[in-house]
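Worksheet: one structure, shown below.
The values are calculated or read from the model by the stated rules, or taken from the named source; none is laboratory data. This is a predicted model, so every value here is computed, not measured. FYI the Cβ positions are ideal-geometry reconstructions off the backbone, even for glycines, and counts take in every protein chain you see.
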Amino acid sequence: MRKNCQVILTISLSPSNTKTVFSTKGFHTVCGFQTRNVIHRAHEYLQRTALEICDGLFINPIIGWKKIGDFTENAVMVGYKKMIEEFYPAQRIHFEGLRTQMRYAGPREAIFHAIIRRNLGCTHFIIGRDHAGVGNFYSLYAAHELARKIEARGNLGIKLLLLHGPYYCYKCGQVVTDKTCGHDEIYHVAISGTKIRECFKRGDIPDENFMRPEISQAILALGSERIFI
Ligand SMILES: [Zn+2]
């Protein structure tokens with residue numbers, strides 16, 4: 001196992017600190033990734049896409065108030081630690097928490113999240129499916145629509161990567177998007193955070209097509225009372 005993973009849950013981030021980290025690591029371009037969830041294979045697909053585009057990936061989970069039933073900070077951290085140590089090129093990742101509360105404000109919060117990461121030194125930011133959404137309150141790509149409107153007005157100072165999906169395709173046998181799979185949607189299954197939460201609540205390992213077993217096991221090892229808020 002590689003040991004060069006540093007996973008930090010800070011009290012507060014400062015732009016000067018993160019910019020120094022990025023500079024020290026030699027990142028000229030850095031993609032910010034907002035999350036409040038444990039890493040599953042759809043997140044992994046988005047993050048690997050960012051790693052293809054940028055020098056570095058800044059995984060920046062929310063550390064602060066979240067709604068009842070969301071994953072604890074500890075569960076998020078344990079999953080990412082495993083991912084970074086055992087699968088990712090650790091030298092190209094910076095993982096550090098962002099102390100703020102989730103507001104579940106959908107599109108407007110997506111832009112807010114992007115501006116925070118711009119101020120922290122990111123050059124790119126991922127806005128995926130139902131960013132900062134809750135239940136079915138917002139349409140899945142409402143944040144993309146707002147992002148396009150704002151970008152049409154002028155430069156936000158950060159490149160927004162508006163990414164669709166991804167989902168699992170049983171024909172392809174892997175995680176794909178509309179752009180990479182030509183199969184009918186009967187072969188597709190959403191990688192649902194809700195389903196993954198239900199599995200953990202029963203004490204089960206989620207489908208390995210949705211979440212890496214190593215990560216599921218690390219999270220389950222926390223004990224059920226420490227997985228959810
Ligand atoms: Zn397919």
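Applying the criterion of being β-branched (Val, Ile, Thr) and within 29 Å of Phe27 (Cα to Cα) to the residues of the stretch 115-153, the residue that is surrounded by the most Cβ atoms within 10 Å (Cβ to Cβ) is Ile126. For the stretch 169-189, the condition holds for no residue, the condition being that it is surrounded by 15 or more Cβ atoms within 10 Å (Cβ to Cβ), touching a Ser or Thr at 6+ places or on another chain (Cβ under 8 Å) and of a type outside the set (D, E, K, R).
Of all residues in the stretch 213-229, those being touching a Lys or Arg at 6+ places or on another chain (Cβ under 7 Å), buried (at least 18 other Cβ atoms within 10 Å of the Cβ) and not in a helix (DSSP H, G or I) number 0. Looking only at residues that are assigned to a helix (DSSP H, G or I) and without any contact (Cβ under 8 Å) to a residue 24 or more places away in the chain in the stretch 183-203, which one is nearest to the ligand (Cβ to nearest atom)? Looking at residues that are assigned to a helix (DSSP H, G or I) and without any contact (Cβ under 8 Å) to a residue 24 or more places away in the chain, I get Tyr187.
Scanning the stretch 146-182 for residues that are more than 16 Å from the ligand (Cβ to nearest atom), within 20 Å of the chain's Cα centre (by Cα) and of a type outside the set (Gly, Ala, Ser) turns up Leu146, Ile158, Lys159, Leu160, Leu161, Leu162, Leu163. Candidates in the stretch 12-31 are the residues that are touching a Gly at 6+ places or on another chain (Cβ under 9 Å) and not in a helix (DSSP H, G or I); of these, the one that is modelled with the lowest pLDDT is Leu13.
Against the condition within 16 Å of the ligand (Cβ to nearest atom), surrounded by 14 or more Cβ atoms within 10 Å (Cβ to Cβ) and touching a residue at least 40 places away in the same chain (Cβ under 8 Å), how does Pro206 come out, does it pass? No. The single condition from (1) in contact with a His (Cβ under 8 Å, 6 or more places away or on another chain); (2) without any contact (Cβ under 8 Å) to a residue 12 or more places away in the chain that Gly154 fails is (1).
Here His131, His164 are screened, and the one residue that is assigned to a loop (DSSP other than H, G, I, E, B), without any contact (Cβ under 8 Å) to a residue 40 or more places away in the chain and not β-branched (Val, Ile, Thr) is His164. If only residues of the stretch 18-64 that are of a type in the set (D, E, K, R) and closer than 18 Å to Glu86 by Cβ are counted, the one that is surrounded by the most Cβ atoms within 10 Å (Cβ to Cβ) is Arg41.
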